[in-house]
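Working notes for the structure below.
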Amino acid sequence: MSQVIVYTSTNCPNCQRIKSFLGEKGVAFEERNVQRNKEFAQQAWDMGIRVVPVTVIGEHRILGLNAAQLEKALEEQALLQA
């Protein structure tokens, strides 16, 4: 399982921004499209996620593109290159 999971939906501009942000940082992630996969949708629902994008990094769940929170969580998991 990937250490970074991004819950997304189809045609979500903010989801695209998160994926670009992580790609620019060189961070590998698993995308889970809740619109295309009922299992992913149920996982998100079970975690209390009702909107996307949500990025799960360790114990952190980050809603939207909050660069400061993303970088802090990535650093804590030693996933961000210095």
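General remarks:
- Residues in region 42-80 that are part of a helix (DSSP H, G or I) and in contact with a helix residue (DSSP H, G or I) (Cβ under 6 Å, 6 or more places away or on another chain): 0 in all.
- Residue match in region 42-51 (condition: in contact with a Pro (Cβ under 7 Å, 6 or more places away or on another chain) and in contact (Cβ under 8 Å) with a residue 40 or more places away in the chain): no
- A count restricted to region 27-41 and to residues that are part of a loop (DSSP other than H, G, I, E, B), of a type in the set (D, E, K, R) and within 11 Å of Val6 (Cβ to Cβ) stands at 0.
- Enumeration of residues in region 45-75 that are among the acidic types (Asp, Glu) and either farther than 18 Å from Asn33 by Cβ or under 11 Å from the mean Cα position of the chain (by Cα) (or both): Glu59, Glu71, Glu75
Taken together, the values in this text are just the output of simple stated rules run on the coordinates, not laboratory data. Keep in mind that this is a model prediction, so the values were computed, not measured. We place every Cβ from the backbone using ideal geometry, glycine too, and count neighbours over all the protein chains shown.
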